[in-house]
Amino acid sequence: MATEEPFHTDNTDLGDLESEQLYLEAANILQKLQLDKPVDEEWSLDDMEAHIEENLQDQFVQEALTQDIDLAQYSEQIQEKLQIHEKAFVQDFIGETNNIANLHIQISSCDKILESMDHMLRNFQNNLANISNEIRHLQQYSAELNIKKKNRELVRGQLSQVVDEMVVPQSMIQIIMDVPVTERQFLEQLHELSHKIKFVKEQSFHDAIACQDVQEVLEKLRIKTISKIREFILQKIYQFRKPMTNYEVPQNALLRNRFFYEFLLTNDRQIADEIRREYIDTLSKVYFSYFKAYSTKLIKLQLDEKADKDDLLGADDRPRSNISFFSTSARPHLKHRATVFSLGNRDCVLKQELEAPIIVPHAQQKAEIKYPYEYLFRSEQYALLDNCCREYLFLCDFFMLNNRSAPDFFMEIFEKTFKLLQKNFETYISDSYDPISILLCIHLLYRYQVIANKRNVPILNRFHEILIHICENRFEIVMKANIDSVQRVEPHKFSSIELNPHFIVRRYAEFSGAVTRLNEEFSNEKISTLMTRLQVEILTLIIRMANEFPQRKEQLIFIINNYDLILSVLTAYTSEDSPECDAVKNLLRERIDEYVKEVLIPYFSPLITFVRDSDQFLSDGNIKQLENKLTIISKLFSGDFKKTFDLIHNDVIRSFPSLKLSQPILKEVFTQFLSYYHDFQRLLSNNTNLKTASSNISLPNLHQLMVEIKKFKLPFDGDQFKSRS
């Protein structure tokens with residue numbers, strides 16, 4: 001900073017300075033009294049008033065105005081005061097010259113200090129700017145280092161993973177080369193080897209040079225592993241060929257090592273195909289041989305006697321007197337002969353025996369036990385179902401098959417076996433005349449279809465449907481033969497026809513009940529149609545046989561007994577509300593109504609005729625004729641009419657041996673009689689001519705008749721007879 005010149009204290013200069021300052025101060029005061037506008041400018045009145053108003057607000061002007069003095073004189077006074085103050089100010093200033101000089105020195109010193117501080121602060125500011133730049137540079141450098149660190153850590157992690165997945169440790173080589181394939185260590189290292197082979201193959205597509213270092217080692221391990229796995233799997237497959245082998249043992253061993261085939265499929269498809277072909281060839285022959293031998297042994301356990309073409313519904317099996325000693329038409333009744341048209345306990349094969357253990361032929365042969373065909377068929381089909389379900393699930397699991405490829409693989413194994421069993425079944429069924437056995441086979445197949453689907457093995461549906469179709473066709477042939485046999489029945493050739501149910505109808509009733517029960521759970525429209533045709537023919541046959549009786553009453557008894565038999569058997573096999581029972585009930589109801597009217601005619605014909613033809617008799621008005629008719633009617637009750645009731649009771653009981661049938665019919669008969677008698681009494685009480693004609697005739701009242709009838713212990717309702725006309 002430049003050194004200032006010394007402060008001079010010359011009196012002349014100080015006087016001039018004081019005079020100049022006073023002059024300036026006075027000039028300022030006077031200036032306030034002057035107009036702001038230049039002289040040459042024009043003044044408007046408004047501007048003038050505003051300027052005057054503004055100057056009047058000045059303190060000195062107001063003070064002058066308030067004192068009411070002359071402005072010129074006041075200006076001189078001010079001038080004098082200014083001069084006095086100027087002189088006083090100059091004297092004070094002269095008196096403080098030393099202090100001012102000291103102050104000047106101090107200010108100069110402070111100025112130097114401030115200048116040095118300014119210089120120092122400027123240097124400090126420059127240093128701070130440099131430090132800030134260095135900090136920003138360090139922050140940028142640190143961020144760069146952090147990014148490099150993260151990138152290197154990421155690369156290190158990936159590279160470490162790549163190295164770990166690519167490096168083949170010595171322990172893996174040793175285990176794969178020396179440890180048996182059944183050991184857990186081998187399986188664990190096999191998973192690792194498979195992963196490394198897959199990883200190296202993927203990296204080689206990206207031209208990774210490091211892959212070349214391990215490819216040779218991995219290839220040798222792959223070849224060795226494939227060789228050991230192939231040997232192990234083939235060994236397990238060959239175990240199936242040994243006689244009396246439990247197939248589940250080698251299959252379970254293969255399932256525990258299912259990854260072996262997956263490794264082969266991934267790393268050597270040719271060896272995997274070899275394993276696949278070997279398994280198909282071996283198991284196809286094994287199952288074919290097993291079921292061929294089993295079916296052959298099983299069929300030997302069938303009952304010696306079976307139904308043939310003569311065992312039909314319309315066949316007459318009653319003993320004939322003209323059969324010679326040497327005749328072969330009479331077949332001996334064997335101990336184990338199955339009933340052709342009755343179900344009995346044969347449906348146990350669909351219930352308790354459905355999933356029972358299969359039949360062991362040699363054990364049953366030692367015990368000399370024989371079976372109906374449906375039991376043998378059940379055992380064979382259940383063995384097939386069990387083996388097929390287990391095999392299908394094994395194939396899907398071990399060979400990693402989906403729902404599209406599994407059926408073809410499965411059929412390659414079982415196709416020969418299916419054809420064998422189908423051929424054997426067709427051979428038997430084509431010569432079978434046992435409709436119950438055929439129907440049981442159908443329902444066995446229905447149930448095994450359900451079981452197979454529950455086990456998620458729908459592949460058997462096609463085979464089951466083929467067998468069901470074969471059974472349906474044969475059942476239709478047998479049913480048509482039975483229908484034809486019923487149509488060919490000639491009632492007049494029977495030596496005698498009794499009023500009791502006919503043996504043909506009894507056969508039909510048992511057969512119809514059996515079919516109805518079997519079809520309850522799985523209905524079959526084709527079978528139902530055939531049964532409807534058979535029912536029509538049986539009902540027609542009952543009418544034809546009934547026509548062999550000369551009297552209508554006997555015809556009705558025969559028809560009612562046969563209808564009741566059919567209804568009783570159907571009710572035993574199914575519910576009373578079933579359509580089959582309802583149809584027979586309606587027919588039975590019609591015949592019973594007709595019989596009730598028919599059975600009263602021999603005993604109360606005059607009474608019935610009178611009530612029925614009352615309108616004609618009353619219209620004639622012949623009193624004499626009415627008296628004669630009433631006399632005849634009265635004779636019916638003049639004797640011991642209780643005996644008449646006994647005769648009716650005995651007649652009904654003899655005609656219908658079943659109390660379950662005879663009691664309701666007897667009740668209907670007496671109810672109809674009381675209805676006739678009630679109508680008769682009503683006619684007597686309502687008609688004048690009849691009252692006159694019956695005045696001399698004695699007749700029992702309705703109450704007396706009911707008392708006698710109730711002695712037969714029939715449940716009557718009080719007004720039941722009134723409902724009949």
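Odds and ends about this structure:
- Among residues of the range 78-92 that are farther than 20 Å from residue 59 by Cα and open to solvent by less than 50 Å² (accessible area, probe 1.4 Å), none has a beta-carbon under 8 Å from a residue that is of a type outside the set (D, E, K, R) and at pLDDT 85 or above at least six positions away or on a different chain.
- Just one of (1) open to solvent by less than 10 Å² (accessible area, probe 1.4 Å); (2) within 27 Å of residue 649 (Cβ to Cβ) fails for residue 581. It is (2).
- Scan of the range 127-160 for residues that are modelled with pLDDT of 90 or more and of a type in the set (Val, Ile, Thr), ordered by number: 131, 135, 147
- Filter result (surrounded by 20 or more Cβ atoms within 10 Å (Cβ to Cβ), part of a loop (DSSP other than H, G, I, E, B) and not β-branched (Val, Ile, Thr)) within the range 433-475: 434
- Being part of a helix (DSSP H, G or I), at pLDDT 85 or above, open to solvent by less than 30 Å² (accessible area, probe 1.4 Å) and not assigned by the TED database to the domain that holds residue 508 is not true of residue 569.
- Selection count where residues are surrounded by 15 or more Cβ atoms within 10 Å (Cβ to Cβ) and either part of a helix (DSSP H, G or I) or at pLDDT 75 or above (or both), scope the range 701-725: 6
- Restricting attention to the range 531-568, the residues that are touching a Lys or Arg at 6+ places or on another chain (Cβ under 8 Å) and among the aliphatic types (A, V, I, L, M) total 5.
- Residue check, residue 653 hydrophobic (A, V, I, L, M, F, W, C), crowded, with 18+ Cβ neighbours inside 10 Å, at pLDDT 85 or above and farther than 14 Å from residue 608 by Cα: no
- If you filter the range 366-419 down to residues that are of a type in the set (Lys, Arg) and within 31 Å of the chain's Cα centre (by Cα), you find that the one that is most open to solvent (accessible area, probe 1.4 Å) is 404.
- Lone qualifier among 478, 505, 515 - being in contact (Cβ under 8 Å) with a residue 24 or more places away in the chain, crowded, with 21+ Cβ neighbours inside 10 Å and within 19 Å of residue 558 (Cβ to Cβ): 505
- Failed item in (1) part of a helix (DSSP H, G or I); (2) open to solvent by 80 Å² or more (accessible area, probe 1.4 Å), with residue 241 passing the rest: (1)
- Those residues of the range 383-441 which are more than 30 Å from residue 275 (Cβ to Cβ) and either of a type in the set (Asp, Glu) or in contact with a Ser or Thr (Cβ under 8 Å, 6 or more places away or on another chain) (or both), in sequence order: 424, 426, 431, 434, 436, 438
- Of all residues in the range 544-556, those that are outside the structural domain of residue 603 (by the TED database) and farther than 18 Å from residue 652 by Cα have Cβ atoms under 9 Å from Cβ atoms of residues that are open to solvent by 60 Å² or more (accessible area, probe 1.4 Å) and part of a loop (DSSP other than H, G, I, E, B), 6 or more apart or on another chain, in 544/490.
The values are calculated or read from the model by the stated rules, or taken from the named source; none is laboratory data. Because the structure is a prediction, the values reported are computed rather than measured. Note: ideal-geometry Cβ built from the backbone for every residue, glycine included; neighbour counts use all protein chains shown. Areas reflect the complete protein model, heavy atoms only, side chains present, ligands, DNA and RNA absent. Shrake-Rupley method; radii C 1.70, N 1.55, O 1.52, S 1.80 Å.
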